[in-house]
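> This is the structure I have questions about; it appears just below.
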Amino acid sequence: MKNQTMSLLDEPDTALMADPTLPVQRILVVDDDRMICQLNSDVLSAHGYIVDVAEDGADAWDALQFNTYDLMITDNSMPNLSGVELLKKIYAIRLPLAVIMATGTVPTWEFANHPWLRPAAIMLKPYTIDELMQMVKGILNSSSNTIDLFAPPLNRRTQPPTDDLRA
């Protein structure tokens, strides 16, 4: 017997679909909640994006070493490496990557003390599929969605700590 239930993704809203004339864009979804990762991945894939997922900031950092992304959607509160810590690493190497922080609590103190860490957008959980897609399309269509070229220069006062390479 055929399953009669329909997924939210069976008929994506054509108004929100990716433009088939544009090159395919690649998105990294980072969240320690597997259900959120799966839902976001399914929705974004259904709208024409190539999507990779990472379960925490450390896995995301590894993925960023081997792949190029147009956008990263990350939670903040995660084990191993938080969203803010991941942003510090990304900005330390000046990786041109648009970032949406999708989180239940905004790290206001971090952003107040280090305004250059602010992502392109912040989305508070819970959010709807429509809100996600509108945010993604808005960021990817924006011409100012990458690292602020006027971020502070890397020096001992602003550079995130790095591992000591001496033996």
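> Calculate one ³J(HN,Hα) per residue across the range 30-42 by plugging θ = phi - 60° into the Karplus curve 6.51 cos²θ - 1.76 cosθ + 1.60, and present them in order as whole Hz with x for glycine and proline.
10, 6, 7, 8, 4, 5, 5, 4, 5, 4, 4, 4, 4
> Dimensions of the range 23-141 along principal axes (Cα, Å, largest first)?
Cα extents, longest axis first: 37, 30, 27 Å.
> Name the residues whose placed amide hydrogens come within less than 5 Å of the amide hydrogen of Val29, ignoring near sequence neighbours (fewer than 5 apart) on the same chain.
The answer is Asp52, Val53, Ala54, Ile73.
> On to the next question. At what distance in nm do the modelled label points of Gln65 and Asn80 sit from each other, each positioned 7 Å from its Cα along Cα→Cβ?
1.1
> Would you list Val30, Val136, Val84 from fewest to most Cβ contacts within 10 Å?
With the fewest neighbours first, Val30, Val136, Val84 line up as Val84, Val136, Val30.
> Based on other C-beta atoms within 10 Å, arrange Lys137, Lys88 from fewest to most.
Lowest count first: Lys137, Lys88.
No lab work stands behind these numbers, since they all come straight from the coordinates. Everything quoted here is computed from the prediction, not taken from an experiment. Because the Cβ atoms are built from the backbone with ideal geometry, glycine has one as well, and the counts that use them run over all protein chains shown.
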